[in-house]
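Take a look at the structure below.
The values are calculated or read from the model by the stated rules, or taken from the named source; none is laboratory data. Quick caveat: nothing in here was measured; it's all calculated off a predicted structure. Neighbour counts are summed over all protein chains in view; Cβ atoms, including those assigned to glycine, are modelled from backbone coordinates with ideal geometry.
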Amino acid sequence: MPLHAITACYGEGGLRERLLTEAGRLPAADRDRVLAAMEWMARLHAGDRRQREPYSCHPLRVAIRILSHYRVADADVACAALLHDTVEDHAAELATGGSRREALAALAGEFGAAVASLVGAVTNPPQVTGVDRDEQYRAHVTASLQACPLARVVKVSDLTDNAAGLFHTTGESLPRRAAKYGPLLPVLREMILRADTPLLGDVKDMIAAQLDKAGERLAAITGDSVGVRAGDGGGR
């Protein structure tokens, strides 16, 4: 069953059960770390919502997609997927000082330096005055993923979930959000297909096809007729 369908039918509880199933295939110590990350995520995002669902549903889907659809049996990546928005959204709850550096240090202390590094790679920097917010977001993602192949795995699941969520979204923010994500799709597609991205070949092909389809659908929302494939003018 598609992950958004699980959300619609069974809610956050259904996603938790699916994550428990996927994490159950990991060694016991790794499974326990993933479940601890799930509880940290749930506590930090407890009061957050996205459209009609608890925000926790988003990081749950991001982690499940990595473990199940991408077949990545790596507890560090799964933990980072669950915690990927915590520093950006809840640094003050993670660390007394409230800075992102201190929040990442708190994650490193609990889950290890590798998890904190991955979360840092996909955490958007504070907004720079005078710089377009969406352009800053895309520049940061491109630069951080160039240097960190494992972070590409977290980010592509995150972006896939965000793009899929747009197809269940209504309201005036829809075109703006589609314009934000659309230009990033060809960049991420090219990075996913690189030899150093730690995914199996058939998984890379699946993701590339999903990004192509998402690009077409986002283009329909924004009125853009250009495809997502690399070499199509950057997706614009």
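If you check T129, T142, T123 for being in contact (Cβ under 8 Å) with a residue 24 or more places away in the chain and outside any helix (DSSP H, G or I), only one passes: T123.
Residues that are out of contact with any helix residue (DSSP H, G or I) (no Cβ under 6 Å at 6 or more places or on another chain) and surrounded by fewer than 19 Cβ atoms within 10 Å (Cβ to Cβ) do occur in segment 184-191, at least one of them.
Within segment 1-59, take every residue that is basic (K, R) and in a loop (DSSP other than H, G, I, E, B) and give me the one that is nearest to D74 (Cα to Cα).
Quick first cut of segment 1-59, residues basic (K, R) only: 16, 18, 25, 31, 33, 43, 49-50, 52.
So of that shortlist, the ones also in a loop (DSSP other than H, G, I, E, B) come out as 25, 52.
Details: R25: 11, R52: 31 Å.
Here the residue is R25.
For beta carbons closer than 9 Å, sequence separation of 6+ or different chains, a first residue in segment 196-225 that is more than 22 Å from V77 (Cβ to Cβ) and a second that is basic (K, R) and modelled with pLDDT of 95 or more, the qualifying pairs are D212/R189; G215/R189. Against the test of being modelled with pLDDT under 90 and either touching a strand residue (DSSP E or B) at 6+ places or on another chain (Cβ under 9 Å) or buried (at least 17 other Cβ atoms within 10 Å of the Cβ) (or both), the options A164, A151 yield a single qualifying residue, A164.
Any idea which of R100, R49, R65 is on the phi < 0 side of the Ramachandran plot, free of Cβ contacts under 8 Å to residues at least 60 places away in the same chain, surrounded by 13 or more Cβ atoms within 10 Å (Cβ to Cβ) and basic (K, R)?
Testing whether each residue is on the phi < 0 side of the Ramachandran plot, free of Cβ contacts under 8 Å to residues at least 60 places away in the same chain, surrounded by 13 or more Cβ atoms within 10 Å (Cβ to Cβ) and basic (K, R) leaves just R100.
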